Each structure stands twice: as structure tokens, then as C-alpha cells.
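Every number in this text was worked out from the coordinates using simple rules, so none of it is lab data. Computed from a predicted structure; not experimentally measured. Here the Cβ is made from the backbone with ideal geometry for all residues, glycine too, and neighbour counts use every protein chain on show.
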Amino acid sequence: MVERHRREEAPQAPVDLDDKGRALELLLPGILAEFQPEIGATVNLVSVTVKSQDVPSVCRLVKEDPRLSFNFLMCLCVVDYEEHLQVVYHLYSTDMKHMMVLKANVSPEEPSLPSVTSLWTGADWYERESHDLFGVVFEGHPNMAPLLLYEGFEGFPGRRNYEMPEYKEW
Amino acid sequence: MVDLSTEGQLDTVQMMVNMGPQHPSTHGVFRMVLWVDGERIVDLEPHIGYLHRGSEKLCEGELYVQIVTLFDRMDYISNLNNEMIFCRAVERLMGLAVPERAEYIRVILCELNRVASHLLFCGTFGIDAGAMTPIMYAFRDREKIQSMFEAVTGARMMHNYIRIGGVKGDVPDDFSQRMGALLKVLRQGINETDKLLSFSEIFLARTKGIGVIDAETAIAYGMSGPSLRACGVPMDVRKDEPYSVYDRFDFGIPIGEKGDSWDRYYVRVEEMRQSMRIIEQALEQMPDGPTITPSRLVLRPPQGEVYVRGENPRGEIGVYLVSNGADKPYRVKVRPPSFCNLMAIKELLKDTYIADAVVILGSLDIVLGEVDR
Amino acid sequence: MSALETLLLVLAIFGVLTGLSVIVLSLIWLERKFLGRMQMRMGPMHVGPFGLLQPVADAVKLMAKEDLLSSLVDRVVYWVAPLAVFVPTFMIWVTIPVARDLVIRNLDMGLFYIIAFSVLSIVGLVTAGWASSNKYAVLGGFRAAAQLVSYEIPLILAVLGVAMLAQSMNLEEVVNSQSTVVYALVQPLGLVIFFIAGLAELGRTPFDIHPAESEVVGGPFVEYSGAHWAVFFLAEYINTFAIAALTVLLFLGGWLFPGISGDVSALGVLVFLVKTYLVILVVFWIRGTYPRLRIDQLMSLGWKVLVPLALVNVVITASYMFYGWSAWSLSLMSLAILGAAIWGLSKRMRTAPTPEYTVKLYVPAPEASNAG
């Protein structure tokens, strides 16, 4: 049985931001106003949800804005929420030492969004990995070949609805 | 006069050399396909995934307490650091306080594990450069650390000692004395290894100016840990965002200047000394008290998501944990430091020799268990 | 040649073959034990007393092993290659004396003969690399060719200096002419050049570039297994012994030792063996200490340092002979040039004073560390 990602009866974890997080929370709506972001918070970080096609422009903005200067892509991952796939970028600034989460939702049927490899070279393998495990296509990525899985692997094993193959004698 | 020059007249063909996954110096099952012109590397294509076990997917099917063992097996050289990061993620999500004594035990063991991991690096780096004695020196000392781990945790590797809310049990009664003796031996052993290898002319010739990467490129690749610090960027989570009790210790961050292989090597040697400083201070400050906050076996953290950062021997590790309130996490994503460091290999290996390729790969200190997960 | 002489010759050849095999076994044991002790290990200790029978066990294992053969190898060349390495290494022993008059054939052009034959083994290494149809083997084979050919020159030039001093190419006469003072004292520069070039010829640390395990996984020998691999191994150790023996004969006075009469052959052999094993221990010691050079560094060391130095050595030796200077002056000149070369090389390799070779310690300001 597939677990639901949201259980109504379970309590919510309290948000507990530090000073830098609170400063970012105030700063971000002004800077990102043109993209109509949804600004919230995870337990310890400010999170910004944008439309998937806006991701490169938002990323360029937060990377180049001197108040934010998110020059370090900490982590890129995909979370399968069944009704949508969420691509999560954890961004960090080596100068300001603050961190934020950028999220973009894509549809599980045709998941695709623009690549950010031109901004952070380090996104390269993360995007290939996400493509392997979740089937998210990153447009503009130089080389989308399988990274962790072998060539010709069928299905996307990271997704929650992936059926694990039965063990057989061979 | 006859023109004897052959420049431009000889046909040379690039050769494709497949290095790995069985090559002895790819540190595991890493494979790279090199296109070489004589000995010079023209182009390369790294391949990973030979050790992909789907750890992140497996985490979705295990109870929280069981996942600690999966983290042990990711970076199998620094198990305790990996256990700690997952436990911290769950504790942060649940708002669970950890007893002070447990924090100190964690810090001591993690720093000791850092020393062990860097010792292994120094030895294998020597092997990569062709010196066969340093690894014996390094293993002699690492062996003593492993015995210490065995005494405390009951296992030499895959300890499963750090638990959510604290540690499995208290340390042995004579822990302080044994650690004091161990540190003394370690300090001497590290100095010996250092003297044998670090400033040997041939070693300098092999590593100085080889595999240079500047700070900006390194940051763009997401490199972290000693590999980034060798470029002169003092980025260390223990200082930037002190977790556990790291803000109570006085220690420095060794940084290199040029970002070459030698700097990456020597930053680690210095880091071992700093780690031992931390351990000494922690031993002095260690309070008495309980070592674990009792919690239920089947944990159900509240709904929410959390990203915690920690400083592993290989660089910055991060765990992104999404919980839906159930007894199993909804999604666990690890930011593996080796994965990001290894990504820069293409940049580092351009226009080097095959012999340098081995040295540069060695200087990144990768663990394939963590790269592939 | 009478029947008796022929019989003696055959016996001598068998003697050399057997003797060398025993020496190789002893060298294998010695290397493992010595390296083990340097690395705080015990070395072999379970087979026989002190692990003495370990090399025998290894040899039996190698002989009993299956000979694996890749389907793509060039078979004829592949099988000939070990022989091409092995035969020259044995042939040079025809004229190497181990004590006064204890030699198979005392050739007048002995040194010339040895040099001519030792070059041949390169062919074996290159063919082995080529025939294996393995890219690592090819790389190793070409490395070997480049390395051995270029180090042959300083080696020969260093030998030339000795031949000039002794005014002979006969090894017995070379040794006999050292009865007052050994050439190591007269020509320290020549000794160092010969020894370094010899190490490179052997492919031993820090010049183990063609069999480098961490780079080309064994180089030319990567595809060989069992007895054929053992032949390469045997040749390598005989070569080690030969280079050490030549060092002893050319520079360290062979079987001569103050106070020991060289006329008693058994005593001479003992002195010779002790000296040779000491030289070999130095070779092992270097192996336990140094990392490996890179191929381009090796080539520049050979062509830019050793060849010029060897030429200088020949020139000063010739001047000494021509102008009739005293032996002391040659010795001092040689030492001075050697010292200058080592100083220059060390400066060149370090490129800067030591402070640059440390890592700085960054301690952030207190307020920065408390934030977050």
C-alpha cells in the first residue's frame, strides 16, 4: 500500500528559524515579487515555491543579487508527492552563510523543467540522478545519460509507485 | 637541406583507456573512460553507480531507528559521522533534546573517526603516489582507533552506536585514560607519517601544482570539506553553523593556498591535529549524566521537512528529511560530500598525465559507497 | 676445445643457473622481510623457520598456476617476450667474476659485452606490452622503452669513467686496479650516476614507472600469469643482483677487502656477496622510502641532469688522466660536482623555501563563530 504524504491526524512540526532565516523571510518577497513566489518555511529554513518554468530566472536572481548571493548549490533532490513531483533546491551562500530552499512542482506524467547547470556546474550529476530515479527531464542539460542506473533500465525506482521486481531464481 | 621535422606529418591516434571499475587506484568501483594522447589525458568520462544500492529508497521502508544502520553503510570510512547526521535530522524534526554527556561522546567519537578517515587517506594517497610505507604507518595508528571504537561501541565498523536522542550506552570507565594514551600515540604516529611523506622531494614534485582548482570553480561544483578548504575558502560547518557542542571548543580551520593536490593532502594532515585538540578539550569538559533521552522504539516525528548540515571528513554532508507523521520517513535525501567533490574530476583531470590522474583522484578522497549510495 | 673444457663449461653454466636461482629466492625473502621490518610488520613468518621457505612456496604456486591467455594476444610474440627478457639477464653472467679467477669466460671486452646484452631486455618488455593486447600493457611497454633507452646512456657513460681509470674493460682488471683505493672514493659522482641509472634500468622505486601498480597495473606483465609471469619476476631479481654486483665490481672493489687476501676464492666470494647484498639492501631501503616519479620528470632527470653530469664525469676523469693530477684532486672535484648537483636539484624540486609548504590555520573571529 502506498503511504499518503499527508496524514491529517499527525501534528505539524513547529517552525524554528534562526536570525538569518528570519532576515531572509523578510527580504525574499521583495526581491522575488515578479515571480509571485509562495514563501513559507520548513522546520529550519525559509522555503520559496515557484513555477517550474521560472526556476532558472529565480535562481539567476538569487545567485546574482548581492543581498542574497546564493552561489553554492547545496543539494538538489526530487520528492514524489504522487499528485506532483517536487524538485527541491537547497541553496547556500558562502559569503553570507545563509541558506534557503527553492521548490518547484512538476507533473508526474511529463515532468520537465529547465536545467540550472549553467548557473551551478555542480547541478550536473544531481540532475542526472534525478532523471534516473524520478524521470524528471532537465531541459538544456548537456548530457542526460543515466548516472546511477545502467543504460536501458526501465521505470523510475525513486518514485513511490515503482513496483519492486520480484526476486526470481535465475 | 632536408627537412627532418615530422611535426604535423605523423598521424597520432587517441587511445581510449578504460580505468576502473577494477583498477586498483580508483578507490572502489569508480570507472573513468580516458581518451589519451600518449600519456596525456585529452578527455574523460566518469561513470559511477556500480555500488548503487538505493539507500535513499530503502530508508523509506524502514523505521527511523533502523535507518541509522543504512547511514553506516554509506560512507563506510566515517560511520559515526554519518550516524550522527541522521540522528541530528530526526532530533531537529522532533525537537528532541540530547543529554550533554551524549553530545560530548558524539563529538569525541566523530572527531576520532575523522582522524581515522584522514589517516586512511594519507596512506592511500601515498600508495597512489607510489610510496608503499606510509599506508603501513597510517594503518598502525588507525588500527588503534578501531580498537578504541570496538571498546566503546562494540564494533570496528558499522557501529550503530549513535542513536536518536543520544548514544547507545555510556563509554567504558577508563575511557579518559585510554583516550589520553591513544592521543599521545596518535600524535607521534601522525608526525612520523608526516615526516616520511609530506616533504619528500619526489612527493612534492608529484603533487605540487597538480590538479589545481580555484575557489570559484570549486564552489560552482559544490565541492566542500578539505577539498574546498585547500583552495583557501574557510568553509566548515563546525564554525559556520556550530552544531552539537562544537561552539565550546577552540580550534582552527586549516586552509590551503593554491588548491592543488598537495594542499588537499596537507589540509587533512593539519585537520587531524585540530581534531585531536577538540578531543582533548572535550575530554576535559565532559560532564556526567545520562547518555540518552528515552524515546519510543517506533518514533513518529511530526509532519514537516528539515535539512541539517554536518561536517564529515570528506566534506559537508546534508540530510533532507521529509516526514508525514508516520513511523517511516516519507523521503530521505543525502547530500554526499564525495559525490560533489568527484563531480569536479572532469575539470581537474583535463590535460594532465595518467600518473597525475591517479594522484588527483586520490587527493579528492572519495568513498564510492557514499557517491553511489 | 677439449672434452674436459666443454664439460667444465657446461657444469659452470649449470652452477650459475642454480646459484642465481638460489640467490633470487633469497632476495625475494630478504626484500619481503626487510620491507616488512621497515613497515613495522613481521614479513613472511609461517612457511619454514623465519618464513625462509616462503619464496619456495611462492615458486611452487606460480608453477602450478593455470596459464591464462587472452583470446586476442599475438601468441608467438607473447610467448617469446619472457624469453627475450630472461636470456640477456643470464647471458651477462658469463663474464661477471664473483672472485679472483672465478668466472666462466674472462672476456677482455667484458664491460662492453655486459652493456650490449643488458640493452636487449628492453625488446622483451616492449614486445610483452605489445603482444598482450591490453592498453595498460602497451602503455607500460612504451614507458619501459622510453625509460630504459634513456637511462642506458648515463649508465654507459658512468661505466666509461671507470674503464678509463682502470684502462681496461676486463672486469677482473677493473677490480685488481682498485687494490689501493676503491673507485667509489675516486669517483663518487660516477658511483651515484651509475646507481641511479641502475635503479632506473631495474624499474625499481622511485623509477618503477613501467610496472607502476597504481597507474598501469603492472605494465607489460599485466596479462601474464603463472610460470611466464614467474620468468619476468626471476629476470627482475637477477637484474637487481646484477646491477648490485656491477656496482660492487666497478666502484666498491669487488672481492677485495683490507686485511683479507683475495687469493682464497671462498673468502673472496663471501666478501663479494656481503658487499652485493648490502648494495641490494640500499635498493630495498629506497623502495620503502620514496614515492614514484612521473614519466616526464624521469625523462628530464635523465636527459637534463644525469647525462650532462656523466659527461662532466668523463671529462674530469680524462683531464685527470691527461694532466696526471693526483687522485685526491679528482675525488674532490667529483664530490664538489655531486654536492652542487644535489643542492641544485633539491632547490629546483622545492622551488621555494619551506614556509610556503605549510597550510595556514584560519580561526574565525568570535562573533562570526557564535552566529547561527
Residue-averaged [θ]222 nm for chain B, counting only DSSP H segments that reach four residues, each worth -39500 (n - 2.57) = -15000 deg cm²/dmol
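Which three numbers, in whole Å and largest first, are the semi-axes of the equivalent ellipsoid of segment B:55-372 derived from its Cα gyration tensor as √(5λ)?
32, 24, 16
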ask   = Can you give the charge dipole size of segment C:13-86 about its Cα centre, rounded to the nearest 20 debye, using +1 on the beta carbon of Lys and Arg and -1 on the beta carbon of Asp and Glu?
value = 320
message = Looking at segment A:19-110, I'd like the Rg to Rh ratio, where Rg is from alpha-carbon atoms and Rh is Kirkwood's inverse mean 1/r.
response = 0.95
ask   = About its Cα centre, how strong a charge dipole does the protein assembly as shown have in debye, to the nearest 20, once Lys and Arg get +1 and Asp and Glu get -1 at the Cβ?
value = 2100
Relative contact order (percent, whole number), segment C:65-348, Cα cutoff 8 Å, 6+ residue spacing = 25
message = Taking every pair of distinct Cα atoms and averaging 1/r, then inverting, what Kirkwood hydrodynamic radius in Å comes out for segment B:55-174?
response = 15.2
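Please report the equivalent ellipsoid semi-axes of segment B:85-134, computed as sqrt(5 x eigenvalue) of the Cα gyration tensor, largest first, in whole Å.
Gyration-tensor ellipsoid for segment B:85-134: 36, 12, 4 Å.
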request  = Can you put C:T289, A:T121, B:T12 in order of Cβ neighbours within 10 angstrom, beginning with the fewest?
outcome  = B:T12, C:T289, A:T121
message = Calculate log10 I(q)/I(0) of segment C:72-147 for q = 0.17 Å⁻¹, where I(q) comes from the Debye formula with a single equal point scatterer on each Cα and nothing for solvent.
response = -0.67
ask   = Farthest toward the dipole's positive end in the protein assembly as shown, which of C:L139, C:I122, B:I345, given Cβ charges of +1 (Lys, Arg) and -1 (Asp, Glu) about the Cα centre?
value = C:I122
task = Scan around C:Y362 for amide H atoms under 5 Å from its own, H built in the peptide plane at 1.01 Å from N, and keep only partners 5 or more places away or cross-chain.
result = B:I253, B:I255
query = Out of the DSSP beta bridges found with both residues in segment A:19-170, what percent are antiparallel (nearest 5)?
reply = 70
query = If you project the alpha carbons of segment C:155-231 onto their three principal axes, what span does each projection cover, largest first, in Å?
reply = 49, 25, 17
key: Cα Rg over Rh - segment A:112-160, Kirkwood   = 0.96
request  = Work through the residues other than A:F35 whose Cβ is under 9 Å from its Cβ and net out their charges, Lys, Arg +1 and Asp, Glu -1.
outcome  = -1
request  = Scale the Cα Rg of segment B:248-351 by the rule-of-thumb value 2.2 N^0.38 Å and send over the ratio, two decimals.
outcome  = 1.50
task = Take the Cα coordinates of segment B:173-279, assign each an equal point scatterer, and use the Debye formula without solvent to give log10 I(q)/I(0) at q = 0.18, 0.23 Å⁻¹.
result = -0.96, -1.20
message = Checking a compactness column here: for segment C:15-173, what do you get for Rg(Cα) / (2.2 N^0.38 Å), N being the number of residues?
response = 1.27
ask   = Just how large is the dipole of chain B about the Cα centre, in debye to the nearest 20, putting +1 at every Lys and Arg Cβ and -1 at every Asp and Glu Cβ?
value = 1180
remark   = Quick calc: nm separation of the 7 Å Cα→Cβ label points for C:E66 and A:N161 -> 5.0
Kirkwood hydrodynamic radius of segment C:275-323, Cα pairs, Å = 13.5
task = Give me the percent of DSSP beta bridges within the protein assembly as shown that run antiparallel, rounded to the nearest 5.
result = 85
task = Could you please report the charge total around B:M179, scoring K, R as +1 and D, E as -1 over all other residues with beta-carbon less than 15 angstrom from its beta-carbon?
result = 0
task = Do me a favour and compute the ellipsoid semi-axes for the protein assembly as shown from its Cα gyration tensor, root of five times each eigenvalue, largest one first, whole Å.
result = 61, 29, 27
ask   = Regarding segment C:50-103, what are the three Cα extents along the principal axes, ordered largest first, in Å?
value = 51, 35, 11
query = For the pair C:V315 and A:S118, how long in nm is the line joining their label points, each one 7 Å along Cα→Cβ?
reply = 6.2
Values of log10 I(q)/I(0), in the order q = 0.08, 0.12, 0.14, 0.15 Å⁻¹, for chain C under a Debye, Cα-only, solvent-free model = -0.46, -0.99, -1.30, -1.45
task = Enumerate by residue number the GluC sites (Glu not before Pro) in segment A:32-118 meeting two conditions: DSSP loop (anything except H, G, I, E, B), and at most 15 other Cβ atoms within 10 Å of the site's Cβ.
result = A:E82, A:E83, A:E109
message = Need the list of lysines near C:K65 for cross-linking: C-alpha distance under 26 angstrom, and skip anything on the same chain fewer than eight residues off.
response = C:K33, C:K135
inquiry  = Restricting to lysines 8 or more places apart or on different chains, can you count the pairs in chain A with Cα atoms under 18 Å from each other?
reply    = 6
query = Which pairs break 29 Å Cα to Cα here: B:K168/B:K333; B:K168/B:K195; B:K144/B:K208; B:K144/B:K328?
reply = B:K168/B:K195; B:K144/B:K208; B:K144/B:K328
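Return a whole-number percent for the relative contact order of segment A:3-149, with Cα pairs under 8 Å and 6 or more residues apart as the contact set.
Values: 242 pairs, mean separation 26.5, N = 147.
Rounded, it is 18 percent for segment A:3-149.
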request  = Shielding by partners for B:325-331, please: the mean number of other protein chain Cβ atoms within 10 Å of each residue's Cβ.
outcome  = 5
query = For B:R140, B:R331, B:R238, what ranking results if the residue with the fewest other Cβ atoms within 10 Å of its Cβ goes first?
reply = B:R140, B:R238, B:R331
message = Taking each residue in B:217-225, count the Cβ atoms of any other chain within 10 Å of its Cβ, then average. What number comes out?
response = 5
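With contacts defined as alpha carbon pairs under 8 Å and 6 or more residues apart, what's the relative contact order of chain B in percent?
Here the relative contact order equals 26 percent.
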ask   = Shielding of B:205-213 by partners, i.e. mean partner chain Cβ atoms within 10 Å per residue?
value = 3
ask   = From the residues C:M321, C:V182, C:L338, which one has its Cα farthest along the dipole of segment C:65-348 in the positive direction, the dipole being from +1 and -1 charges on Cβ of Lys/Arg and Asp/Glu about the Cα centre?
value = C:L338
task = Compute the normalised compactness of chain A: alpha-carbon radius of gyration over 2.2 N^0.38 Å, N being the residue count.
result = 1.12
Cα extents of segment B:134-216 along the three principal axes, largest first (Å) = 48, 33, 18
key: Förster radius 35 Å - calculated FRET efficiency between A:V137 and A:D18 (Cβ-Cβ, nearest 0.05)   = 0.45
query = What FRET efficiency do you get for C:F14 and B:E284 if R0 is 60 Å and r is their Cβ-Cβ distance, rounded to the nearest 0.05?
reply = 0.25
query = 222 nm [θ] for chain A, helices only, -39500 (n - 2.57) per DSSP H run of 4+, per residue, to 500?
reply = -6500 deg cm²/dmol
inquiry  = Counting other beta carbons within 10 Å of each residue's own, what order do B:E370, B:E216 fall into, fewest first?
reply    = B:E216, B:E370
key: Among A:Y81, A:Y150, A:Y92, residue whose mean-square fluctuation peaks in a GNM of chain A (springs only between Cα atoms under 10 Å)   = A:Y150
